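Since the structure comes first, as structure tokens, the remarks are kept for the end.
The values are calculated or read from the model by the stated rules, or taken from the named source; none is laboratory data. Since we're looking at a predicted model, the values are computed, not measured. Note that each Cβ is placed from the backbone with ideal geometry, even for glycine, and that neighbours are counted across all protein chains shown. Each accessible area value is taken on the protein alone, full model and side chains, heavy atoms only, with ligands, DNA and RNA left out. Shrake-Rupley method; radii C 1.70, N 1.55, O 1.52, S 1.80 Å.
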Amino acid sequence: MSRPQLPALPTIELPAFLEPLKLKKFPLRTFPATYEPPRPTKPTLQVFGPGWEGKQASFDVDCLSMQVYLKFCGVDFDVVHSNEPYSSPKVKLPYLVVPPDHCLYGEQIHHWLQKNEKNKRLEKEAEDIESKAFVTMIEKKLGAALLFTLWLEPLNASELTSTKYFGHVSSPIDKLLAYRKKEEVVQSLLIDRDVLIREEIYQSAADALSALSVKLGANDYFFGSDYPTYLDAVAFAYFHVILAIPQITDSNADKEAKRHATELRNLVLNHSNLVKYTKKMYSTWLK
Amino acid sequence: MEDDKERASASAPPPPSYEEAAFRMFGLLNATASQPGHVHSLRVLGTERTRDSFLKLATSNTFTGMTIADIINDVQHTADRLQRLDIFDSVNVILDTSRDPFAAKDAFDVIFSVKEKSRFFLKTGTEIGNGEGNMNGSVVIRNVFGGAEMLETSASFGTRNSSAFQFSLSRPVNASPDARIDVNAHSVVRNNMMFSSHEELVRGIGARFKGLSNWGFHEISYDLSWRTIDRIAENGSLSIRNQAGHSLKSSISHSFVRDRRDDMLLPTKGYYLRFTQELAGVGKIGDTKYLKHEVEASIARQHGGGEILRDENGLAKAIAPGIVLSLNVRGGLLATLNDKEANISDKFMLGGPLSIRGFRTCGVGPRDKKDSLGGDAYWATGVSLITPLPKLADKPLRGHAFVNAGSLIPWKTGTSTSDTIKALTASPSVAVGFGIIYRHSVARLELNFCIPLTVARGDMFKRGFQLGLGLNFM
């Protein structure tokens with residue numbers, strides 16, 4: 001049922017003698033602005049940074065994977081170490097600011113790349129779908145292990161991770177935020193499992209790493225592609241972040257705790273092709 | 001005639017009228033004022049919770065008088081102090097020659113008979129302040145420890161401050177009603193979506209001293225607060241995004257107010273002065289370091305007026321208000337003491353019906369898209385000519401014509417004076433207009449027709465009608 005068309009509202013024309021009431025002539029004079037906000041001239045990626053080694057790479061996997069993926073796609077962009085998730089529309093880093101001041105996050109960045117025909121995907125449809133499955137596997141299995149290593153291995157959490165993520169906030173708020181973040185991580189890990197068992201989490205990470213190692217083989221990129229894709233970006237980001245975490249050298253620390261702190265790193269080091277791949281990618285794309 | 005005389009002589013003399021009694025009383029007082037006397041004992045009756053030591057302190061200067069006049073003045077003064085402590089409903093004074101058989105000849109006993117106010121006090125209400133309305137509730141416990149301490153817990157929900165919780169415990173200093181110290185804790189969510197696309201959450205603790213000096217009212221306070229700027233609007237500007245996050249401020253501030261106006265909302269004469277200084281970064285705590293000064297002065301002059309207005313029956317109904325010229329000047333400077341830019345929550349904002357009319361709230365000064373960013377230095381001034389309206393001179397209604405001007409700029413510590421002056425005068429925002437003022441008992445309401453004359457590019461001005469509601473107008 002269509003609604004009856006309503007008649008248009010009448011527009012009231014002001015009589016000519018009342019026209020001055022609109023004050024169209026005012027203001028009489030416009031002076032220059034008191035402040036000109038800076039405008040980015042090219043896209044900027046807002047990330048956590050600077051990284052562990054080299055100032056360029058972010059220490060956060062999500063930021064690093066997007067950072068390196070944009071490089072794969074040939075986007076000319078700046079990296080800004082904002083370290084402040086609250087600045088993002090989704091309260092999460094990274095996000096991409098496209099001139100003049102449009103903010104893109106998550107899937108929006110992929111859409112933007114696609115629209116500009118810059119995205120890199122595998123040519124074969126089946127492989128592309130399979131690569132997405134690998135991305136999910138990395139995010140699930142390796143992601144859980146990385147979160148565990150960063151926030152729940154006491155040595156890493158207190159000595160390294162908290163400082164990296166909240167070091168720019170003044171004390172004692174940084175401690176409080178780190179504590180909150182840790183609680184958040186525990187909650188997010190408990191979504192998929194009933195109890196947190198260190199061995200179980202690292203075991204599934206080891207399985208994922210073996211699968212990735214086999215998949216990569218001796219190729220330059222996953223699936224034997226000639227160019228890197230989003231899977232390479234994600235895989236590299238995880239490997240790099242895991243390998244780049246500094247080792248605790250404090251001799252007073254408990255030996256057992258020290259071993260746990262480097263357990264995930266050792267799992268990656270077991271696969272020489274993955275280590276070689278990470279080093280090569282780093283020197284090609286981030287130096 | 002005969003009857004009258006008889007009656008008068010038969011009965012007792014008629015009781016004196018009030019005037020007569022007062023006259024006699026004054027005569028008596030005058031005659032005895034200079035006679036020696038001293039206070040022999042002082043008693044306070046009717047207290048249950050108030051501590052003896054506190055009362056001793058509060059009434060201590062009653063004993064200094066050497067003459068009857070001194071004693072009467074001292075007693076009156078003490079009664080006034082007790083009343084102003086806000087813990088007694090009523091304070092009655094009884095002054096008598098001492099009953100103590102061992103007392104000296106010219107000794108007096110003083111008895112204060114008081115009634116304590118109820119201890120718990122619940123209040124709910126709606127309030128209208130400077131451009132903001134809110135509803136609030138509070139619980140007050142008076143005289144908590146028997147020393148006129150006040151424990152106040154309040155919550156409010158409003159338009160600008162989405163929610164605010166406050167807790168404070170205060171006590172008088174030296175049992176004086178004019179000086180209080182308090183400790184407080186607060187948590188406020190400020191909604192700045194309208195003009196700056198963000199919300200601000202402030203949590204803090206502080207201590208405050210409020211007191212009077214010979215020059216005026218002082219407030220010295222320390223505050224430690226954790227501010228979070230978050231919930232940036234989807235279309236918020238990049239400048240606001242860069243402000244997001246946490247900051248910690250540890251600051252001491254002093255503010256001084258000297259108010260000699262005859263009315264706060266619509267003064268006809270007198271002047272008002274306010275100085276505020278704030279030093280942030282005290283004790284090397286926090287990441288916010290700055291020195292902030294703000295000055296406000298206003299003066300009002302009345303011309304004509306003062307005649308008594310009578311209604312048609314010839315009864316006085318009001319005093320003619322005359323024509324009032326009022327001038328208001330404000331200025332502020334924020335100097336950061338580290339290389340960081342000041343936080344938006346510490347910066348000055350300018351514009352709106354209460355400051356520069358003809359511009360939107362926070363519509364003057366640095367801006368990115370539609371978000372006002374605030375500035376580090378400003379000046380603003382306003383001249384108003386306030387006149388009574390014909391036939392409505394006895395109502396709290398006035399007409400006025402005004403000129404408002406001001407400028408708000410970003411400023412970096414170390415900028416030379418000449419550059420600062422140049423920047424402050426380069427882009428003045430000026431508006432003129434006229435309107436009607438209604439002085440309500442709690443706030444002032446204005447409806448103005450505004451014409452912006454000059455603006456800085458980016459200013460959010462408003463041609464035509466503008467409504468203003470608040471306490472502190474320029």
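Selection of first residues in the stretch B:450-461 that are more than 7 Å from chain A (Cβ to nearest Cβ) and of second residues that are surrounded by 24 or more Cβ atoms within 10 Å (Cβ to Cβ) and among the small types (Gly, Ala, Ser), restricted to Cβ pairs under 6 Å at least 6 apart or on distinct chains, gives the following pairs, ordered by first then second residue: B:450/B:358; B:450/B:431; B:459/B:363; B:459/B:429; B:460/B:363. Taking the stretch B:126-166, which residues are farther than 18 Å from residue B:190 by Cβ, at pLDDT 85 or above and out of contact with any Lys or Arg (no Cβ under 9 Å at 6 or more places or on another chain)? Hits for the stretch B:126-166 are B:152, B:153. The residue list B:212, B:224, B:169, B:248 contains one member that is among the aliphatic types (A, V, I, L, M), open to solvent by 30 Å² or more (accessible area, probe 1.4 Å) and within 14 Å of chain A (Cβ to nearest Cβ), which is B:224.
Residues of the stretch B:265-306 that are within 14 Å of chain A (Cβ to nearest Cβ), crowded, with 18+ Cβ neighbours inside 10 Å and not in a loop (DSSP other than H, G, I, E, B): B:280 alone.
Evaluated against (1) outside any loop (DSSP other than H, G, I, E, B); (2) more than 16 Å from residue A:59 (Cβ to Cβ); (3) among the acidic types (Asp, Glu), residue A:159 falls short on exactly one condition, (2). Considered as a group, the residues in the stretch B:408-428 that are touching a Ser or Thr at 6+ places or on another chain (Cβ under 6 Å) and of a type in the set (Ser, Thr, Tyr) include one that is nearest to the other protein chains (Cβ to nearest Cβ), and that residue is B:427.
Please specify each residue of the stretch B:97-137 satisfying the condition of being farther than 30 Å from residue B:153 by Cβ and either among the aliphatic types (A, V, I, L, M) or touching a Leu at 6+ places or on another chain (Cβ under 9 Å) (or both). If the condition is that a residue be farther than 30 Å from residue B:153 by Cβ and either among the aliphatic types (A, V, I, L, M) or touching a Leu at 6+ places or on another chain (Cβ under 9 Å) (or both), then B:103, B:104, B:107, B:108, B:109, B:110, B:111, B:112, B:113 are the ones that fit.
Conditions (1) part of a loop (DSSP other than H, G, I, E, B); (2) more than 26 Å from residue A:165 (Cβ to Cβ); (3) within 12 Å of chain B (Cβ to nearest Cβ), marked per residue:
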position: A:93; (1), (2), (3): yes, no, yes
position: A:100; (1), (2), (3): yes, yes, yes
position: A:103; (1), (2), (3): no, no, yes
position: A:111; (1), (2), (3): no, yes, no
position: A:114; (1), (2), (3): no, yes, no
position: A:117; (1), (2), (3): yes, yes, no
position: A:122; (1), (2), (3): yes, yes, no
position: A:128; (1), (2), (3): no, yes, no
position: A:131; (1), (2), (3): no, yes, no
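Would the stretch B:230-242 turn up any residue that is of a type outside the set (A, V, I, L, M, F, W, C), touching a residue at least 40 places away in the same chain (Cβ under 8 Å) and closer than 14 Å to residue B:286 by Cα? No, every residue in the stretch B:230-242 fails to be of a type outside the set (A, V, I, L, M, F, W, C), touching a residue at least 40 places away in the same chain (Cβ under 8 Å) and closer than 14 Å to residue B:286 by Cα. Between B:310, B:301, the distinction of being out of contact with any helix residue (DSSP H, G or I) (no Cβ under 9 Å at 6 or more places or on another chain) and more than 30 Å from residue B:355 (Cβ to Cβ) belongs to B:310 only. Among the residues of the stretch A:32-48, is there at least one that is among the hydrophobic types (A, V, I, L, M, F, W, C), without any contact (Cβ under 8 Å) to a residue 24 or more places away in the chain, open to solvent by 50 Å² or more (accessible area, probe 1.4 Å) and within 8 Å of another protein chain (Cβ to nearest Cβ)? The answer is no, given that none of the residues of the stretch A:32-48 is among the hydrophobic types (A, V, I, L, M, F, W, C), without any contact (Cβ under 8 Å) to a residue 24 or more places away in the chain, open to solvent by 50 Å² or more (accessible area, probe 1.4 Å) and within 8 Å of another protein chain (Cβ to nearest Cβ).
Restricted to the stretch A:168-195, and to residues that are exposed (fewer than 14 other Cβ atoms within 10 Å of the Cβ) and touching a residue at least 40 places away in the same chain (Cβ under 8 Å), which residue is nearest to the other protein chains (Cβ to nearest Cβ)? Top of the filtered list is A:188. Restricted to strands (runs of 3 or more DSSP E) entirely inside the stretch B:25-130, those with at least 2 residues that are over 28 Å from the mean Cα position of the chain (by Cα) and on the phi < 0 side of the Ramachandran plot are B:38-45, B:88-97, B:107-116. Could you tell me whether residue A:26 is at the interface with chain B (Cβ under 8 Å from one of its Cβ atoms) and either open to solvent by 50 Å² or more (accessible area, probe 1.4 Å) or in a loop (DSSP other than H, G, I, E, B) (or both)? Yes: the conditions hold for residue A:26.
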